[in-house]
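**Student:** Below: one structure in C-alpha cells.
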Amino acid sequence: MSQLRHGPDAKNRSEREIRMNSLTKRAAVHAAALIVAGWAGSALAQSGPEYFNGKTVTYIVATEPGGGYDTNGRLVAEFMQKHLPGSTVVVQNMPGAGHIIGANYVYASEPDGLTIGTFNTGLIYSQLAGNEGIKFDLAKMSWIGKVASDPRVVVVSKQSGIESFEQLTSLKEPIKFASAGVGSASTIETTMLVDTLDLPIQVITGYNGNDDQLAMRRGEVQGIIGSRSTFQQFVDEGHGKFIAQIGGSQTDVPQLSSLISDEEGQKAIALVESQSNISRLTAGPAGIPDDVLKTLRDAYAAATSDPEFLKKAETLGLPVDPLVGDQVAQAVSKAMDQTPEMVEFLKQALKED
C-alpha cells in the first residue's frame, strides 16, 4: 500500500502549484483585459469617418428613376460618397404609394447609418391625416439634411391653350392634372387646392418620375402642381407655362395667395407654402448612434457645399438652399405642429369620396 508523504518535498511542490495557479489566473485576467481593450480600441477607431471605410451605404430614392427627386438623390449620394472616404454609396429606387413604401423601408432599417434615403414632404400631410399605410414617425427619424427650398407652381401644357390662372378657373369643362401616387405631395396638394378652390380639374394619379411631363407633351393631361425646379426646364423649353406659384421669392409668376380671397383656400395655400421650405430631404431610421449621425451630417454639409456639387446642381437646374441636422429636424417638427383645426381641415380635404 502506498503511503502519503508529508515531508519537505511535498510541501515545496504544494507551494509551487499554488504559485503557478496564481500566475495562471493573473495571466488569464491580463489576457482578458487586453482583449477588452482591443475591442474598445477597435470600436473607438470605428466611431468617426473611419466607421464608413469599406462599408456600403444604401441611399433609398422613393421614386422611379428620372424626375427631380431621383436627380437630387443621385447627386447627393455621389458627393456623400466623396466625403465619406472609403465608402460606397449605392442608390436604390423604391417607388410606390406616394413615397410611403420607400420611407417605410428607411424607417424599418437597422439604425447603423448604412441605410438612408430621400422622400417627399407630402408625407408630412399623410402622417398628420393618419394615413394607415404609414409605418414611420417623421418626428423620430434621424434627420441628416435638406438640399433645397422649392416653391410649388401650377403648370399647364402649351397644348392646353391656358395662359393664366384666371382663365383656368373660368373653364366650363374640367381638364386633367397629373399627380404621383396617393400620399405624394403632388397628389395631396393638388387635391387640397382643387377641392378648396373649386377648380375645374380632374386629378389623375400614378405619374412617377418624368412621366407627367411626357403625358403633358402627349396631350394626355393638361397640367400639374409640383416643385418649380422639377418643371423649370420643361417651361424653358416651351412645353408649358407657370400660371401661379406658392412660396419662393421669384416675382415672374403671380403668387396664388394674391389671386384667392376665399378663407379656406388661403388656409390650404398657407399649409402648402409651409412645406416648400423643406425640400429634397435626406434621413435615416430612428436611433442612429450620435457619432455615426454626426459623421453623416458632416458629410452631407461638405457634399452640399462642395464647389463641384454646386456646379453640377446649377447645370441640372436644381436649387440649392441646404440645412443640416437639427435645423432640419426642427423645421420638420414645426411643419407637423399644426392646430387640431388644421389637421381636421387636412383630413377632410384628403377624404376619399
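The values are calculated or read from the model by the stated rules, or taken from the named source; none is laboratory data. Everything numeric here is computed off the predicted structure, so don't read it as measured data. Positions of Cβ are backbone-derived with ideal geometry, glycine not excepted, and every protein chain shown enters the neighbour counts.
**Student:** Cβ-Cβ under 9 Å, sequence separation 6+ or interchain: first residue in segment 80-106 and within 20 Å of ILE134 (Cβ to Cβ), partner basic (Lys, Arg). Which pairs?
**Tutor:** As it stands, the answer is ILE100/LYS135; ALA103/LYS135; ASN104/LYS135, since those pairs meet every condition given.
**Student:** Restricting attention to segment 96-127, which residues are aliphatic (A, V, I, L, M) and outside any loop (DSSP other than H, G, I, E, B)?
**Tutor:** Passing the criteria: ILE100, ILE101, ALA103, VAL106, ALA108, ILE116, LEU123, ILE124.
**Student:** For segment 336-353, check the following and say yes or no: at least one residue is assigned to a helix (DSSP H, G or I), at pLDDT 95 or above and surrounded by fewer than 18 Cβ atoms within 10 Å (Cβ to Cβ).
**Tutor:** So far as segment 336-353 goes, no, none of its residues is assigned to a helix (DSSP H, G or I), at pLDDT 95 or above and surrounded by fewer than 18 Cβ atoms within 10 Å (Cβ to Cβ).
**Student:** Restrict the check to segment 172-182 and report whether at least one residue is modelled with pLDDT under 90, surrounded by 24 or more Cβ atoms within 10 Å (Cβ to Cβ), in the same structural domain as ALA244 (by TED's automatic domain parsing) and touching a strand residue (DSSP E or B) at 6+ places or on another chain (Cβ under 7 Å).
**Tutor:** no
**Student:** Still on this structure: Among the numbered criteria (1) assigned to a helix (DSSP H, G or I); (2) of a type in the set (D, E, K, R); (3) touching a helix residue (DSSP H, G or I) at 6+ places or on another chain (Cβ under 9 Å), which single criterion is violated by LYS135?
**Tutor:** (1)
**Student:** Just one of the numbered conditions (1) more than 27 Å from THR315 (Cβ to Cβ); (2) surrounded by fewer than 18 Cβ atoms within 10 Å (Cβ to Cβ) is not true of ILE134; which one?
**Tutor:** For ILE134, the exception is condition (2).
**Student:** Is it the case that LEU259 is crowded, with 19+ Cβ neighbours inside 10 Å and aliphatic (A, V, I, L, M)?
**Tutor:** When the stated conditions are applied, LEU259 does not pass them.
**Student:** List every residue pair whose Cβ atoms sit under 6 Å apart, with the two residues 6 or more apart in sequence or on different chains, where the first one lies in segment 139-163 and is closer than 15 Å to ASN120 by Cα and modelled with pLDDT under 95 and the second, anywhere, is assigned to a loop (DSSP other than H, G, I, E, B) and of a type in the set (Asp, Glu).
**Tutor:** ALA148/ASP321; SER149/ASP321
**Student:** Which residue pairs have Cβ atoms under 7 Å apart, sit 6 or more places apart or on different chains, and have a first residue in segment 256-269 that is more than 14 Å from ALA244 (Cα to Cα) and a second that is of a type in the set (Phe, Trp, Tyr) and surrounded by 15 or more Cβ atoms within 10 Å (Cβ to Cβ)?
**Tutor:** The qualifying pairs are LYS267/PHE345.
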